[in-house]
Amino acid sequence: MSQQVPPFDELQRVLTQAHALTDAAEAHGTLVGSLCAMRCSLDDWLAEILPDGRADDRSAHSLRAIFNATHGALSGDELAFQPLLPSDDASIGDRTSALGEWCQGFLYGLGAGAAVPEVATLEGEAAEVLRDMTEITHVDVDPNDDMETNEAAYAELVEFVRVGVQLLYEHLQPLREPAAPPGREVLH
């Protein structure tokens with residue numbers, strides 16, 4: 001069973017205290033993109049989101065918990081991954097904005113990973129997911145739609161992102177694996 005990811009508000013609080021370069025949604029997206037693209041460590045992630053790349057003792061515990069729970073959810077067999085976003089108590093506008101920021105962070109983290117090929121070389125569903133996530137970075141609430149319609153659209157986008165990330169994580173798995181040592185060649 002995978003660890004529970006601490007809530008969005010906890011990550012936001014820790015990042016604010018640490019004078020982070022980004023907010024919680026974008027920071028978590030960066031983490032997930034980096035985990036999809038390469039063998040990312042906690043230190044790699046902190047170097048991307050914190051001014052000096054290190055957290056004080058107070059923040060380090062929470063950031064490590066978020067890193068470990070996120071990595072476990074992505075790599076586990078339970079398909080338990082969820083993007084870390086504001087709770088349903090936040091306004092639909094704030095949640096939608098955070099989703100766009102999350103996707104922006106994800107694309108950044110994915111691009112920062114040296115193992116990821118150019119998007120143009122990806123094919124099929126993987127390429128489609130990346131194109132759609134790029135579009136989601138511009139998402140906004142439609143003022144002409146009622147609350148129920150906006151809520152349903154938001155939920156659909158979050159589910160698309162959740163499933164799309166898992167698809168990309170699996171698709172890019174061979175690029176994260178260390179190269180196998182060369183086998184002994186048998187001459188006949």
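Bear in mind that the values in this text are calculations on the coordinates, not laboratory data. In this text, all values refer to a predicted model and were calculated from it rather than measured experimentally. Using ideal geometry, Cβ is built from the backbone for each residue, glycine included, and neighbour counts are taken over all protein chains shown.
Structure notes:
- Scanning the stretch 25-58 for residues that are surrounded by 21 or more Cβ atoms within 10 Å (Cβ to Cβ), of a type in the set (G, A, S) and farther than 23 Å from G100 by Cβ returns a single hit, A55.
- Residues of the stretch 40-58 that turn out to be under 17 Å from Q12 (Cα atoms) and not in a helix (DSSP H, G or I), as a count: 6
- Residues satisfying the stated conditions in the stretch 61-99, i.e. in a helix (DSSP H, G or I) and either basic (K, R) or over 24 Å from A47 (Cβ atoms) (or both): R64, I92, G93, D94, R95, T96, S97, L99
- Taken over the stretch 84-107, the criterion of being farther than 21 Å from D142 by Cβ and surrounded by 18 or more Cβ atoms within 10 Å (Cβ to Cβ) is satisfied by L84, G105, F106, L107.
- Matching residues in the stretch 1-51 - criterion: being touching a residue at least 40 places away in the same chain (Cβ under 8 Å), out of contact with any helix residue (DSSP H, G or I) (no Cβ under 8 Å at 6 or more places or on another chain) and closer than 24 Å to L167 by Cβ: M1
- Within the stretch 70-96, tally of residues that are without any contact (Cβ under 8 Å) to a residue 40 or more places away in the chain and not hydroxyl-bearing (S, T, Y): 6
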